Amino acid sequence: MGPGAAMWRNVLGLRQISQRTISTASRRQLINRVPEKQKLFQEDNGLPVHLKGGIMDNVLYKITMGLTVVGTVYVFYVLAVASMPKKQK
């Protein structure tokens, strides 16, 4: 038996383990929270849909906007530095 056969046997064993894990994990009862989320996102409270999820959505939005502003400023800085000719000594 060569090294290829041993590797193939390991792959088959891994496949059986993964199938067993997936099939036993689906037996747990999950709570269906979709109707609650639909009600939350459909209510008319004047907020854009990407902020209706709560405080965490607001924090992620502000972080994203902050990184966007910082990135834009940095791009303009790099362009300004690149457009200046280097001083010759």
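The values are calculated or read from the model by the stated rules, or taken from the named source; none is laboratory data. It should be emphasised that the depicted structure is a prediction, and the values quoted were computed from it without experimental measurement. Counting neighbours? That spans all protein chains shown, and the Cβs are built from the backbone with ideal geometry, glycine included. Note: accessible area is taken over every heavy atom of the protein model, side chains too, but ligands, DNA and RNA are not part of it. Shrake-Rupley method; radii C 1.70, N 1.55, O 1.52, S 1.80 Å.
Every residue in the range 20-40 that is open to solvent by less than 100 Å² (accessible area, probe 1.4 Å), of a type outside the set (Val, Ile, Thr), assigned to a helix (DSSP H, G or I) and at pLDDT below 90, please.
Selection gives SER23, ALA25, LEU40.
Can you run down the residue pairs with Cβ atoms below 8 Å, 6 or more apart or on separate chains, where the first is in the range 46-62 and open to solvent by 60 Å² or more (accessible area, probe 1.4 Å) and the partner is of a type in the set (A, V, I, L, M)?
Matching pairs, first to second residue: ASN58/LEU51; TYR61/LEU51.
Among (1) at pLDDT 90 or above; (2) surrounded by 10 or more Cβ atoms within 10 Å (Cβ to Cβ), which single condition is ARG15 missing?
Status for ARG15: all satisfied but (1).
I'd like the full set of residues that are assigned to a helix (DSSP H, G or I) and either small (Gly, Ala, Ser) or under 25 Å from GLU36 (Cβ atoms) (or both), limited to the range 49-72.
VAL49, HIS50, LEU51, ILE55, MET56, ASP57, ASN58, VAL59, LEU60, TYR61, GLY66, GLY71
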